[in-house]
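*Asks:* Below is one structure. I have some questions about it.
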Amino acid sequence: MFNVSRHPDLKTVLIASGLVLTLAMGVRHGFGFWLQPISQAHNWTRETYSLALALQNLLWGVFGPFAGMACDRFGTARVVLAGAFFYMAGLLWMALVDQPTLFVVGTGILIGAALACTAFGAVSGIIGRTAPESKRSWAFGISGAASSFGQFLMMPVEQRLIASVGWQGAFYVLAFLVVLVMVPMVVFLREPVAVKGTGPQQSILEATREAFAHRPFLLLVAGYFVCGFQLVFIGVHMPAYLRDKGILDPGVAVVALALIGLFNIFGSYYAGKLGGRYPKRYLLSGIYFSRVVVIAVFLAAPLSPLSVYIFAAALGLLWLSTVPLTNGVVAGIFGVKYLSMLSGFVFFSHQVGSFLGVWLGGYLYTKQGNYNTVWMITLALGIFAALINLPINEKAISRPLAVPA
């Protein structure tokens, strides 16, 4: 089996990876604020910008397994360093390019690669390998809370930047900030020393085949598709949805998205903590079902700033709380040697869902003039995810011992 002979300081790894996640996810969660100003400045429909973010999310998933392989083989630090410069380039691209096809493709490739190298999939391996097994679920919860804090912190910052220096100037400031914060953190992302044991030594290809032949892994993949669809549709289209419904104050959307981030700090942390005590499959199923209830009540209730804030707080508790549980299940079943890669494969499904959620939101709005159909799809998928997580078997996979020569 894959062992660790020496643990780097877990606190240091959590702080460094947490700061990377805070900025990577915080900036990304605010992209919805640029939908209207960029569309108006370039005379585009909402579908163009939505397609750019959809492609970004899809390519984030496509690049994820490869970034994970690189993390597992060469170390997380090098991958995060590359991701910081991809992020800077992507933000500058979004500020400067006004040709729609180039904007969509460049944004998708650069930001997608940046997030693959700096977000959950990339850092999950080093966290899983550094944390003792008894603290692993808790450590994943801490990383999830860090990304949520980024959303809480960066929502008002990004909205204020757009208001004060314009939408292009806001991209310039964020590009500088990404490099300023992420690059120094690379020094502290030191991998634990791996020692080969007496058990079977898998190659990357063998580990991949094993995972995709294992039914619980496939169920996790299917459930995570739903998570991506729901989160990115709501995160990107919420500001425009509220405006269409008569809530014209942009501050309401800012506060709502910040509340999602604030409450998900607690949701992610306690999901990780509870995952160390209770079956993770039941917790995952409960989260998806709770999302269905929260969204249904929000759509049925009279819309007001107060109802938006209540919805955001409730949804925030459930927002990224699936992440520590999902990573915990993968680590528990397959171990931590190829955790970044396997998390990348699961996250690819999440990003396929993200692509469809953000793109369908823009496409169906353009066709129908409202978001009603996408909301209904969101509810139906939530029920599906709640059901398919229930039969997941979390038991560690059994591998035959190597036969001595």
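*Asks:* Could you tell me which of the residues 205, 161, 174, 189 is of a type outside the set (Val, Ile, Thr), in contact with a Ser or Thr (Cβ under 7 Å, 6 or more places away or on another chain) and over 26 Å from residue 376 (Cα atoms)?
*Replies:* Working: 205 fails: in contact with a Ser or Thr (Cβ under 7 Å, 6 or more places away or on another chain); 161 fails: in contact with a Ser or Thr (Cβ under 7 Å, 6 or more places away or on another chain); 174 fails: in contact with a Ser or Thr (Cβ under 7 Å, 6 or more places away or on another chain).
It is 189.
*Asks:* Among (1) surrounded by 20 or more Cβ atoms within 10 Å (Cβ to Cβ); (2) outside any helix (DSSP H, G or I), where does residue 217 come up short?
*Replies:* Here residue 217 meets the rest and fails (2).
*Asks:* Residue check: is residue 385 in a helix (DSSP H, G or I), of a type in the set (Gly, Ala, Ser) and touching a helix residue (DSSP H, G or I) at 6+ places or on another chain (Cβ under 7 Å)?
*Replies:* Yes, satisfied.
*Asks:* Okay, next question. So, residue 222, is that one in a helix (DSSP H, G or I) and either under 25 Å from the mean Cα position of the chain (by Cα) or at pLDDT below 85 (or both) or not?
*Replies:* Yes.
*Asks:* Next question, about the same structure. Do we find that residue 396 is farther than 19 Å from residue 230 by Cα and at pLDDT 85 or above in this structure? Walk me through how you get there before you give the answer.
*Replies:* On the way: farther than 19 Å from residue 230 by Cα: yes; at pLDDT 85 or above: yes.
Spelling it out, residue 396 is indeed farther than 19 Å from residue 230 by Cα and at pLDDT 85 or above.
*Asks:* State whether one or more residues within the stretch 38-46 are small (Gly, Ala, Ser), without any contact (Cβ under 8 Å) to a residue 60 or more places away in the chain and part of a helix (DSSP H, G or I). Before you say what the answer is, go through the steps one by one.
*Replies:* Taking the stretch 38-46 as the starting set, the residues that turn out to be small (Gly, Ala, Ser) are 39, 41.
Within this subset, residues satisfying the condition of being without any contact (Cβ under 8 Å) to a residue 60 or more places away in the chain are 39.
Keeping just the survivors that are part of a helix (DSSP H, G or I) gives 39.
Within the stretch 38-46 (the criterion being small (Gly, Ala, Ser), without any contact (Cβ under 8 Å) to a residue 60 or more places away in the chain and part of a helix (DSSP H, G or I)), the answer is yes, since at least one residue qualifies.
*Asks:* Where the second residue is of a type in the set (D, E, K, R) and part of a helix (DSSP H, G or I) and the first is touching a residue at least 60 places away in the same chain (Cβ under 8 Å) and closer than 24 Å to residue 222 by Cα and lies in the stretch 348-373, which pairs have Cβ atoms under 7 Å and are six or more apart or on separate chains?
*Replies:* Pairs found: 362/46; 362/47; 363/47.
*Asks:* A further question follows. Restricting attention to the stretch 38-49, which residues are surrounded by fewer than 16 Cβ atoms within 10 Å (Cβ to Cβ) and either out of contact with any helix residue (DSSP H, G or I) (no Cβ under 8 Å at 6 or more places or on another chain) or within 15 Å of residue 95 (Cβ to Cβ) (or both)?
*Replies:* Within the stretch 38-49, the first condition is being surrounded by fewer than 16 Cβ atoms within 10 Å (Cβ to Cβ), and the residues that meet it are 40-43, 45.
Passing the criteria: 40, 41, 42, 43.
The values are calculated or read from the model by the stated rules, or taken from the named source; none is laboratory data. Note that the structure is a prediction, hence the values are computed from the model and not measured. Don't worry about glycine lacking a Cβ; one is built from the backbone with ideal geometry, like all the others, and counts go over all protein chains shown.
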